[in-house]
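Take a look at the structure set out below.
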Amino acid sequence: MTDRYQSFTASPIGKLFVKNLGLPNPTPLERWSDGAPLVDGTVVTGGSGRLDKAVTGALDSLGVASVSVAAEGEKYKGLVFDATGITDSAGLVALQAFFTPLMRSLTSCARVVVLGTVPEQLDGSERVAQRALEGFTRSLGKEIGKGSTVNLVYVAPGAEATIESTLAFFLSPKSAYVSGQVARLGTTGTKEAEPVTDPLRPLTGKVAIVTGASRGIGEQIARVLHRDGATVLGIDVPQAASELQALMKELDGDHLTLDITGKDAPQRIAQHVKEKFGAVHAVVHNAGITRDKKLANMAEDRWSSVIAVNLTAPERISRELLDQGLIDDNGRIVGVSSIAGIAGNLGQTNYAASKAGVIGLVDSLAGELKKGITINAVAPGFIVTQMTAAVPFATREVGQRMNAMSQGGLPVDVAEAIAWYLSPGSTAVNGNVVRVCGQMMLGA
């Protein structure tokens, strides 16, 4: 779907308006395509801490070119800074010393990753210094510009060897619309990573359930997981049966039509999985609805239907599959939350409650899961779909521009974040909620 404003700013008259009026000037984002390198350029590494060898090893394994000393006049595609060695506030000057000389050496759509230690696992001055990294990365994300991103990864002691899949995501075009985010590795569950045999098809031999799979974000999730080697079991309502069947036929997947809010829906899904596959690697709870009204005008059915689809169904389905042992060891559960669940939204008390509840489901299960099974969530911001195309023009424009990238995201951006969670190498990524919102100005 064409962004008419972005097309306008690229025109001669648009460039004139942008320059003279200070209008937002979104840079076209680079997104990954088959056959492209993971990182199209060189990454500069820096900092001194316990992750130095792990970073070098991960970049070498991923085939990413890196240097520890930048050359004058060269342009770089990424920066990775190991801040785990910063133990007090005075030591934070190391951030300025590393980044300031390099900021003008970055290409467009560059990637910046800061690595730290989980503050909650530290005390005193070290905890203070590591927590400061969040303010640094979020502010840098808002000033870096040119379609570039800045993210922070906290790595728990003992989880050093698990950073490869996360670096692959945050350094690549797959994270095009993810910026200003904080990921935590190894804080709950296992601190190990399963080897990834084929980095281009890490989900080969895996089965993944995607609810609401027939169109929009769900369709793109199914396509990306298929690209990564998974067999997709798409689930959607009977009204979407023809679209669902056509998509699953194209992707060599399987389909199941039912209302996920039905009393016996979790049992029917479990039975289908047991009969067709024995178990699944992942379940992605993408299905969702909106029934917007201000609370003063909210009817009970509007409230209850949104909660039932967006929150109650994912909880019931997850617990049924877990109770029956139908999620493989090192399996994945992923919820789709929303920026509305973090920052709230006018006329969406029901929707925001349901999406905040998805975050609660992540919090609830992350510490309970065994055998390497993880649960995480994505929280999309303004994603350009057929549904958002129907939003009034002024509202749509505000939604697309109120982020550090001055543009809306695409369904593939949400799908790529989910694919990162699903990678067998992401076992240490558990209990996370990462926003796919271009660093929206609302929320944390």
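The values are calculated or read from the model by the stated rules, or taken from the named source; none is laboratory data. These figures come from a predicted structure and were not determined experimentally. Because the Cβ atoms are built from the backbone with ideal geometry, glycine has one as well, and the counts that use them run over all protein chains shown. Keep in mind that these areas ignore ligands, DNA and RNA; they rest on the heavy atoms of the full protein, side chains included. Shrake-Rupley method; radii C 1.70, N 1.55, O 1.52, S 1.80 Å.
Points worth noting:
- Note on the stretch 380-406: among residues that are more than 17 Å from the chain's Cα centre (by Cα) and part of a loop (DSSP other than H, G, I, E, B), the one that is modelled with the highest pLDDT is SER406.
- Matching option when the condition is open to solvent by less than 30 Å² (accessible area, probe 1.4 Å) and in contact with a Phe, Trp or Tyr (Cβ under 9 Å, 6 or more places away or on another chain), among GLY141, GLY91, GLY116: GLY116
- Close Cβ contacts (under 8 Å, 6 or more residues apart or on different chains) running from residues in the stretch 347-368 that are without any contact (Cβ under 8 Å) to a residue 40 or more places away in the chain to residues that are in a loop (DSSP other than H, G, I, E, B) comprise ALA352/SER338; ALA352/GLY344; ALA352/ASN345; ALA356/SER337.
- When restricted to residues that are farther than 24 Å from HIS226 by Cα, open to solvent by less than 80 Å² (accessible area, probe 1.4 Å) and in a loop (DSSP other than H, G, I, E, B), the stretch 265-304 contains 5.
- Residue within the stretch 302-313 that is touching a Gly at 6+ places or on another chain (Cβ under 9 Å) and aromatic (Phe, Trp, Tyr) present: no
- Set side by side, the residues GLY73, GLY78, GLY85, GLY63 differ, and just one is in contact with a Lys or Arg (Cβ under 6 Å, 6 or more places away or on another chain) and not hydrophobic (A, V, I, L, M, F, W, C), which is GLY78.
Results for (1) open to solvent by 10 Å² or more (accessible area, probe 1.4 Å); (2) out of contact with any Ser or Thr (no Cβ under 7 Å at 6 or more places or on another chain); (3) assigned to a helix (DSSP H, G or I), shown as yes or no for each residue.
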position: VAL334; (1), (2), (3): no, yes, no
position: ASN345; (1), (2), (3): yes, yes, no
position: SER364; (1), (2), (3): yes, yes, yes
position: ASP413; (1), (2), (3): no, yes, yes
position: ILE418; (1), (2), (3): no, yes, yes
position: VAL434; (1), (2), (3): no, yes, no
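- Total residues in the stretch 51-99, condition among the hydroxyl-bearing types (Ser, Thr, Tyr) and under 25 Å from ALA176 (Cβ atoms): 3
- Per-region count, the stretch 116-172, residues of a type in the set (Phe, Trp, Tyr), part of a helix (DSSP H, G or I) and touching a helix residue (DSSP H, G or I) at 6+ places or on another chain (Cβ under 8 Å): 2
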